[in-house]
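Visitor: Attaching a single structure in structure tokens format; questions to follow.
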Amino acid sequence: MKHLKLLATLFLLTGCGDIVGDRIDSICACEGCSDRRLEEQEILVNAEFDVAETYDCVEILEPYWECQLDRHECKDNEYKDDNDECGDQFDEYNQCLTAKSSREPGPY
């Protein structure tokens, strides 16, 4: 029984590992997404993740998005990444993409 409680606690602390879903949820929690806006965010965030995956930059993108989950700005129902606090992670992600592609990461 103790092992089950420990596993449950570890699962809750580490989350389900869906950084894409967490980012979409964070953006839409701020912006109060309509169904259409939710679909747009799903497309944009999944596309960014797909690009990172294609260029083998997911391990660098994830810390950037995790930082944003904690530090993004939400003002007047507008989500904005906080690149002052997460700038180092963003720079590392950008460098990874730049090293492997000429594509610039897109803003949301």
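Visitor: Return the distance in nm (one decimal) between the two label points of a simple spin-label model at Asp76 and Val58, each offset 7 Å from Cα along Cα→Cβ.
Guide: Calculated label separation equals 3.8 nm.
Visitor: If you don't mind, there's one more thing I want to ask. Could you work out how much longer the chain between Asp84 and Lys100 gets when fully extended? Use 0.36 nm per residue separation minus the Cα distance between them, nm to one decimal.
Guide: Details: separation 16, 0.36 × 16 = 5.76 nm, distance 2.49 nm.
Going from the current span to full extension adds 3.3 nm.
Visitor: Rounded, prolate or oblate: which fits the stretch 19-100, taking a ≥ b ≥ c as square roots of the Cα gyration tensor eigenvalues, rounded meaning a/c under 1.5, else prolate when a/b beats b/c? Mind dumping the intermediate values first?
Guide: Values: a/c = 2.53, a/b = 1.40, b/c = 1.81.
Note, shape of the stretch 19-100 comes out oblate.
Laboratory data are not the source of any read-out in this text; all were calculated from the coordinates shown. Predicted model, so just to flag it, every value in this text is computed and none were measured. Positions of Cβ are generated from backbone atoms using ideal geometry, with glycine treated the same way; all protein chains shown enter the neighbour counts.
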